[in-house]
1. Kindly point out, ordered by number, any Cys in the chain whose beta-carbon has no other cysteine beta-carbon under 4.7 Å away.
2. Past 19 Å, Cα to Cα: identify those pairs from 233/466; 356/446; 183/233, in the order given.
3. Between residue 465 and residue 353, with labels modelled 7 Å along Cα→Cβ, what's the label distance in nm to one decimal, could you check?
4. Starting from the Cα-Cα distance between residue 72 and residue 153, subtract it from 0.36 nm times their residue separation and give me the gain in nm to one decimal.
5. To check you understand DSSP bridge types, tell me what percent of the beta bridges within the chain (both residues inside) are antiparallel, rounded to 5.
6. Hey, got the Cα dimensions of the chain along the principal axes, in Å, largest first?
7. Assuming R0 = 45 Å, can you tell me the calculated FRET efficiency for the pair residue 330 and residue 85, based on Cβ-Cβ distance, to the nearest 0.05?
8. Based solely on its DSSP helices, what 222 nm [θ] is calculated for the chain when runs of n ≥ 4 H residues each add -39,500 (n - 2.57) and the sum is averaged over all residues, nearest 500 deg cm²/dmol?
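Coordinate-derived values only; no laboratory data. This structure is a prediction, so every number in the text was calculated from the model and none was measured. Ideal geometry is used to build each Cβ from the backbone, glycine not excepted, and the neighbour counts take in all protein chains shown.
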Amino acid sequence: MVRALSRRDRRSKGYALRRGLNSTGVAMSHALRVGRMLLALFLVPTLPIRASQSGKPAEEASEKAEGLKPILDYISSAWDTLTRSMSECSTIVDSKVAGKSILYVPADFPIGEKLHALEARCNIEVRPLPKVIHRLGEVDTNTFRPHGLLYLEYPYVVPGGRFNEMYGWDSYFIIRGLVRAGKIELARGMIENFFFEIEHYGAVLNANRTYYLSRSQPPFLTSMIVAVHDAQKARGKEERGWLERAYAFAVRDHNMWVAEPQMAGDTGLSRYFDFGEGPAPESLKDETDHYQKVAEYFLQHDDIGARFLVDRQPGESADASIGALYSLKLCSLPLAMEAQRCEAVKEISLNRDYYKGDRSMRESGFDISFRFLPFGAETHHFAPVCLNSLLYKSEKDLEAMSRELGRAKEAEDWGNKASARQREIVDWLWDAERGEFFDYDVPEKKRSVYEYASTFYPLWAGLATKEEAAAVRKNLDHFERPGGLLTSPYETGAQWDAPYAWAPLQLIAVEGLRRYGFEDQANRLSYAFLSNVAENFRRERHNPRKI
């Protein structure tokens with residue numbers, strides 16, 4: 001079943017395959033990253049599987065009796081299927097590289113007998129990075145020939161069958177599932193890998209590939225640490241030494257987000273920002289004609305396209321960092337037997353600012369949405385609700401950690417930082433009239449009015465007042481559909497907009513609503529989404545050819 005699902009997951013990490021509206025009314029993707037999609041099942045562990053009208057009565061009765069057991073069995077088997085280790089050839093022989101696979105290690109990392117043996121056994125090359133890395137942006141990711149995986153010390157769980165790399169924010173939801181399944185050591189090892197990335201690659205990376213050395217992902221690190229630390233305490237295995245070490249790395253991670261160029265103008269808030277230039281390498285490889293489609297859209301929407309397109313005359317030299325050139329031709333409409341005649345009029349390319357926004361959108365994890373303008377073109381010009389809510393939670397987590405470690409002064413400082421950020425979020429991102437949190441457009445000096453499920457992040461993080469939370473709850477119908485919570489109410493054709501529903505946002509919204517006492521709404525949402533997942537699981541279980 002896991003192998004079958006992974007065959008469906010053929011597009012890039014940012015794309016879900018459309019199935020259209022399912023029986024419950026929300027378009028669901030079965031290329032949703034496995035760890036995150038199935039984690040949502042933990043929200044309501046007593047959910048019965050809904051029978052389909054097309055199923056056989058005997059099968060339906062049997063499935064009702066089984067409840068969630070088939071899905072939970074599937075999850076249990078998936079942990080092993082989706083676990084990767086850099087001691088295994090199946091992980092490090094890179095399916096994304098046509099030639100010999102390269103495993104890159106830190107420039108100052110000793111290549112000992114173990115790695116040399118791996119080279120011989122797996123027919124790969126272990127190659128040091130060109131320099132010691134202290135922070136993002138110190139190496140030009142466009143210079144790697146070829147790209148490859150970055151070494152990590154511990155096994156990890158990937159978000160889908162075709163991936164061999166460990167992703168950033170995906171891993172928080174995976175770790176939540178691992179903790180629930182009692183796989184604490186595997187969860188802790190994944191966090192250790194993030195510590196390794198901070199130490200040797202400059203940050204928690206989008207994922208451990210060379211082309212991700214220019215960006216991070218949403219800062220869930222303290223939430224991961226807290227989840228594992230609490231699970232260890234519950235087992236009577238609390239380790240103060242590990243918490244001390246984790247705290248130090250979490251501080252380094254936080255420091256990256258509150259320094260330039262991650263700051264959003266003079267708001268005091270942070271932004272997503274990729275240090276790289278030009279097209280994202282993973283898009284060129286995995287997203288067929290994506291940038292051409294973006295250019296076509298901007299041509300058809302000149303009001304916004306003029307900001308992101310560069311005109312060039314045929315034959316004019318082009319700067320390679322800008323990306324592909326697209327030719328515009330004027331063609332005659334042939335009459336009778338005449339041949340069509342076409343003549344090049346001009347060439348266009350997407351400009352640097354578009355590519356910076358595109359790359360930064362990928363750091364946000366919401367790739368692709370129209371939330372930060374079409375195709376995320378101005379992501380780096382916004383102070384986002386999600387990012388700053390996560391930083392608030394990180395500051396509150398660091399306050400709690402430092403207090404547990406007996407560092408009262410540091411705890412006070414973290415509490416003050418969290419309070420300041422809470423005020424800034426309300427000042428810049430809260431719209432009292434609309435009753436929602438919105439991203440702030442720094443160049444335009446105004447809040448966006450693009451409704452997005454990130455409005456539930458302040459509830460999840462606990463920074464919203466009771467009045468703000470109640471107002472957000474009143475607008476739940478803007479997002480709620482029979483099958484769960486929409487990412488946004490807008491159908492743009494992008495996978496992080498309507499009609500798609502993604503498991504991580506269901507969890508954020510449900511836990512946020514519960515935090516403020518809105519149990520009925522939380523139960524309704526979780527039941528609707530889980531019924532949706534269960535129905536699709538049942539349908540594919542009995543129709544293997546569709547998988």
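1. 386
2. Details: 233/466 31 Å; 356/446 21 Å; 183/233 14 Å.
With Cα atoms farther than 19 Å apart: 233/466; 356/446.
3. 3.6 nm
4. Full-extension gain reported as 26.3 nm.
5. Approximately 75 percent, going by the DSSP bridge assignments.
6. 80, 61, 55
7. Details: r = 57 Å, r/R0 = 1.26.
That pair, residue 330 with residue 85, gives E of 0.20.
8. On the way: 20 runs with 239 residues, N = 547.
Computed ellipticity for the chain at 222 nm equals -13500 deg cm²/dmol.
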